[in-house]
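**Student:** Okay, handing you the structure first.
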Amino acid sequence: ISITMAEPTVRMLGKRSSRAIVYGNTATPFGYKRESDGHTHSWTVFVKPYHYEDETRWIKKVQFKLHESFANATRVVEQPPFEVTESGWGEFEVHIRIYFTDPNEKSVTAYHYLRLYQPVVTMPDGSNIVSFEFYDEIVFNEPTRLMWGALSAPYKKCDRARFTHDLRGQKEQVLEKIEAAKGELGREIEDLRESLREAHRLMLKYSDILEDSAPGTPRASVSRN
Ligand code: SLL
């Protein structure tokens with residue numbers, strides 16, 4: 001019999017990388033209710049990298065799951081801009097699922113509540129639009145070698161003028177959350193290590209006791225009470 005093994009996924013042990021993204025939506029009112037379908041707004045929901053970069057190195061595609069009242073509610077966008085433009089009459093939660101270029105890297109989902117009325121933002125040209133943006137970071141713990149390579153590409157710093165909101169406050173909050181999660185994870189790992197050490201100590205102890213009480217007895221025949 002010959003068994004062909006798949007190439008094992010190589011992970012970068014002890015390595016961590018992250019990418020900043022912004023997701024949200026813009027909306028513009030028609031100014032009236034369209035008679036044919038009751039629609040009142042056009043809108044765009046999007047996800048984009050916070051910094052200037054070629055995100056196709058690490059994002060394969062993005063799936064936007066809209067409210068079920070939409071025809072073909074699941075929209076898959078295979079290249080940038082990763083966005084969906086539609087019209088409608090109501091607000092709802094969009095599920096934004098990001099797939100990575102290495103399929104061994106699990107997809108992540110962001111939930112965005114599509115806003116049609118708030119917050120209103122005044123653009124540099126004086127016009128008003130509804131715009132909501134959310135800053136977030138995707139953290140890759142021990143990414144696959146392929147993903148690590150993709151994430152190592154250099155990128156240019158963000159130009160804040162690209163966004164309608166000042167995202168610095170959000171950015172700080174997200175960083176704090178990530179730091180807290182890191183600390184938490186570190187403590188959990190330390191606890192697990194300690195339990196392992198304790199289990200190992202017990203194992204050695206009992207194997208000594210067995211050795212003393214019945215020298216030469218195969219250890220496999222030990223029965224637990
Ligand atoms: C609401 N719970 O009642 C929400 C649902 C759904 C919005 C909002 C459909 C557009 C179409 C549309 O805008 N749905 O395909 O006709 O407010």
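**Student:** So, in segment 114-154, of the ones that are over 20 Å from T164 (Cβ atoms) and of a type in the set (A, V, I, L, M), which residue ends up most open to solvent (accessible area, probe 1.4 Å)?
**Tutor:** The extreme case among them is L146.
**Student:** How many residues does segment 48-77 contain that are open to solvent by 50 Å² or more (accessible area, probe 1.4 Å), more than 16 Å from the chain's Cα centre (by Cα) and within 26 Å of R160 (Cα to Cα)?
**Tutor:** As a first pass, look at segment 48-77 and keep what is open to solvent by 50 Å² or more (accessible area, probe 1.4 Å): 48, 52, 54, 56-57, 60-61, 65, 67-69, 71-72, 74-76.
Filter once more, so that each one left must be more than 16 Å from the chain's Cα centre (by Cα): 52, 54, 67-69, 71-72, 74-76.
So of that shortlist, the ones also within 26 Å of R160 (Cα to Cα) come out as 52, 54.
Total satisfying the criteria: 2.
**Student:** When segment 112-161 is examined, which residues are found to be farther than 12 Å from G24 by Cβ and in contact with a His (Cβ under 8 Å, 6 or more places away or on another chain)?
**Tutor:** Of everything in segment 112-161, those that are farther than 12 Å from G24 by Cβ and in contact with a His (Cβ under 8 Å, 6 or more places away or on another chain) turn out to be L116, Y155, K156, K157, C158.
**Student:** If we only count strands (runs of 3 or more DSSP E) wholly inside segment 1-76, which ones have 1 or more residues that are farther than 29 Å from T122 by Cβ and within 16 Å of the ligand (Cβ to nearest atom)?
**Tutor:** Those strands (runs of 3 or more DSSP E) span 59-65.
The values are calculated or read from the model by the stated rules, or taken from the named source; none is laboratory data. This one's a predicted model, so the numbers in the text were calculated from it and none came from an experiment. Neighbour counts are summed over all protein chains in view; Cβ atoms, including those assigned to glycine, are modelled from backbone coordinates with ideal geometry. Please note that ligands, DNA and RNA were not included when accessible areas were found on the heavy atoms of the full protein model with its side chains. Shrake-Rupley method; radii C 1.70, N 1.55, O 1.52, S 1.80 Å.
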